[in-house]
1. If you count only protein heavy atoms and use a 1.4 Å probe, how large is the accessible surface of ARG34, to the nearest 10 Å²?
2. Over the range 34-145, with every protein chain in place, what whole percent of the accessible area is carbon and sulfur at 1.4 Å, could you tell me?
3. For the range 27-36, take each phi angle, set θ = phi - 60°, evaluate the Karplus expression 6.51 cos²θ - 1.76 cosθ + 1.60, and give the result in whole Hz per residue in order, putting x for glycine and proline.
4. So if we plug the beta-carbon distance of PHE227 and ALA42 into 1/(1 + (r/R0)^6) with R0 = 30 Å, what FRET efficiency do we get, rounded to 0.05?
5. Please arrange TRP11, TRP59 by accessible surface area, largest first, computed with a 1.4 Å probe and ligands excluded.
6. Could you provide, to the nearest whole Å², the per residue accessible area of the range 101-177 with probe 1.4 Å?
7. If you stretched the chain out fully between ASP72 and ALA131, how much longer would it get, using 0.36 nm times the residue separation minus the C-alpha to C-alpha distance?
8. Fully extended, how many nm does the chain gain between TYR141 and TRP11 (0.36 nm per residue separation, minus their Cα-Cα distance)?
Amino acid sequence: MGTLNHLSLGWLTPALSYLMACAGAALGLRCTLRGLAASGPARRNWLMTAAAAIGSGIWTMHFVAMFGFAVDGTELRYNVPLTVLSLVVAVLVTGLGLTVVCYGRHRGLSLLAGGVTTGLGVAAMHYLGMAAVRMHGGLHYDAATVALSVLVAVGAATAALWAAVTIRNVYAAAAAAMAMGLAVSCMHYTGMAAVHVQLVPTRTGLGGASPMEFVFPLAVGLGSFLFLASAFVALSPTAQERVGYREAGEPAIEDLPGAPPHPEPTRPEPAPAVAGHHDAEWRDHAA
């Protein structure tokens, strides 16, 4: 059995991974609110951005935390295709959960279905990421702890989706993002508590990429995306603010030069006259 160390870099990696999860959750909740206030293609675009934010935040949280994971007696490397697949799964399943919640007709059932779907996707992302780990040995899991981690993921996802469609206050949304980040972190470390390593002495080299070669640049890129997108969304006006700008005579983004013009409101055409004495006079004149 290999000796596991989940805090080989101290509390730096748990703290940074928690911040990544909070950033993704905050941006995702904000974009979901914008999507609920929009319609048509605008709603779809906001929900896609929310899925990318939450999925990227969860994935970045996982792999930043993995920088603190070490096993005595072996180095760790990562299978690149599986690592990328885990990111794609996180984004796609989060998007599916948001779509179920935002377009579902029955709110309670939609939240339950979306929470279960998203939670299973988060768990799948975690264990796909673990399957991408290459070492001189194999990983084994405690089934009961794995089941507990999946339950934590489903509960966290359901609570996050409920917050996304319910909370309107900025301060409450910030508290919800921090709670979601904590829940995702708890899910990760619960899943890691299920891991056992059986080392196999060998002189052969390991395939895949080292964390600094692949995972670190990708995590930094996604982290930069989250913070820059958060700044953009925070500074972009809401639908109510755009209406206020127009009422005050100030140009909104859509009113700037080069933006597509707003269609003029159409006036209803007058209804045809009801047949009566005018029609009778017209017939007498024609006769």
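1. Approximately 20 Å² of ARG34 is accessible to the 1.4 Å probe.
2. Working: 2990 of 4490 Å².
After summing per-atom areas, the C and S share lands at 67 percent.
3. Per-residue couplings from phi come out as 5, x, 5, 5, 5, 5, 4, 4, x, 5 Hz.
4. 0.80
5. So the residues, ranked largest to smallest area, are TRP11, TRP59.
6. On a per-residue basis, 47 Å².
7. 19.4 nm
8. Values: separation 130, 0.36 × 130 = 46.80 nm, distance 2.42 nm.
This chain segment gains 44.4 nm when fully extended.
The values are calculated or read from the model by the stated rules, or taken from the named source; none is laboratory data. Nothing here was measured: the structure is a model prediction, and the numbers come from that model. Counting neighbours? That spans all protein chains shown, and the Cβs are built from the backbone with ideal geometry, glycine included. Heads up: the accessible areas ignore ligands, DNA and RNA and are worked out on the full protein's heavy atoms, side chains in. Shrake-Rupley method; radii C 1.70, N 1.55, O 1.52, S 1.80 Å.
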